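Shown next, in C-alpha cells, is the structure this report addresses.
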Amino acid sequence: MENKIVDVAPGEITAEYREALKLHQEIMANGAIAAQALYEMCRSLKRMRDEKLYTSLGYEDFETYCEEKANIRKRQAHNYITAYEKLGKEFLQSNAQLGITKLELLTHVPALDRSDFMDNNDVSELSVPELKKRIKELEQENSMKGEQISMLQEQVSENQNGDNSEEIENLKAEIERLKSEPANAMADNAKKEIAKVKKELKAKAKEEQDKAVREAIDKERKAFEKEKDKAVKEASKDLKNQVEGYKKKLEAQQENMSEAVRKASELEEKLKAARTDNSLKFRLLFEQVQDSLDNILDVLEDVEDKKEQQTFAERLVELNENIIEVAKEYCNNI
C-alpha cells in the first residue's frame, strides 16, 4: 500500500477530494505529535528521576512522585525510562503507535537482533501475550545457539594441539555461521518483505510529519505559557485582596480593643470615685453590661457557622432568663 495522495486532474478535483486531503494531513500531523509526545514523556521522566528534581516538589522518592503527583504507576514510569535508554529516539518515534507496553517488551530483544525481529514479526498485529511468547522463543533460540557455539569452541580448543587443521577450520566456519544467522530464522520471506515496505513507509511519513510536529508543539507551548501567565496574575490579585481584607479586619479589631480599654479605664475611675455610692456603682455597672451586650450581639451577627451562631444565641437566652429570675427574687423580697 503506497503512502501517497492519488493524482487527480484539475477538472476532476471535488469537495470530497479536498476534504479527504485535509483529513489526511491532520492524521499525519496528529500521528507525528503522538510520536514526539511519547519520546518527550520518556525523556522527561528519566531526567526527573536521574536529577532527583522531584525533591523540589516535596517528594522523597521518584516512585511516590509518579504515583501521587504524575498519576503514573511506578512500574509504568520505569517502562518509559527503560524504553528511552535502550531503544533510542529514532526507534521510539518510528514505533510510537505500538504503545509503551510493547516497546518495553522490545527492550528484551538484543539490539543486534532487534531489526531482524521487527522484520520477521508484525508487532503491531500481535497481542501483548503473543509478543511475550515470541520474545521468549527468541531468548530460547539464542540460548541454544550460545550453547552450540560454546560446544564448538570447546572442540576447537581440544583440536588446537593436533593435526586436524581441516576440522578446526570447519568448526570455526560453523561458529561464524551461527553468530551471523539472524534471530527467528524460521520466518518466511513474505513477512520480511512486508516489514521492509512498512519501514520505508514509516520513514517517508516521518519526513512529512517533522514540520507539523514542530509547529504543533510550538503552538501548544505558546498557549500553555499564555494560560500560565493569566493564572498567575489572577492568583496574585486574589491573594492581594485577601491580604487587604485581613488588614482591615485587624485594624477594626485593634480599634475595638482600644475603645474597650478606654471604657474600662473610665469605669475604673468612676468606681473609685463612687466607692461609697452603691446606686452610682449599680448604674455604672449596668451601663457596662449594656455595652458588653451590644458588642456580643455585633459579634454574634458576624459568626459564619449557622450552627455555632444558634448555640451562642441559645446561651444568651439562657443568661437572660437567669438574670430575670434573680431580679424577680429581689423584687419579691423588697
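Observations
- Phi angles of the range 93-100 translate, via the Karplus equation with coefficients 6.51, -1.76, 1.60 and θ = phi - 60°, into HN-Hα couplings of 5, 6, 10, 4, 5, 6, x, 5 Hz per residue; Gly and Pro are given as x.
- Counting only protein heavy atoms and a 1.4 Å probe, the range 220-315 has 91 square angstrom of accessible area per residue.
- In order through the range 77-82: 3J(HN,Hα) via Karplus (6.51 cos²θ - 1.76 cosθ + 1.60), integer Hz, x for Gly, Pro: 4, 5, 5, 4, 5, 4
- Of K46/K228; K46/K69; K102/K136; K69/K222, those spanning more than 19 Å from alpha-carbon to alpha-carbon: K46/K228; K69/K222
- Global geometry of the range 35-152, whether rounded, prolate or oblate, following the gyration tensor of its Cα atoms and the 1.5 cut on a/c: prolate
- Karplus (6.51, -1.76, 1.60) ³J(HN,Hα), θ = phi - 60°, over the range 230-239, in Hz, Gly and Pro reported as x: 5, 5, 5, 4, 5, 5, 5, 5, 4, 5
- Accessible carbon and sulfur surface of the range 282-334 relative to its total accessible area, %, 1.4 Å: 55 percent
- Solvent exposure, largest accessible area first (probe 1.4 Å, DNA, RNA and ligands not counted), of V109, V303: V303, V109
The values are calculated or read from the model by the stated rules, or taken from the named source; none is laboratory data. It should be emphasised that the depicted structure is a prediction, and the values quoted were computed from it without experimental measurement. Calculation scope for accessible area: heavy atoms of the full protein, side chains included, ligands and nucleic acids excluded. Shrake-Rupley method; radii C 1.70, N 1.55, O 1.52, S 1.80 Å.
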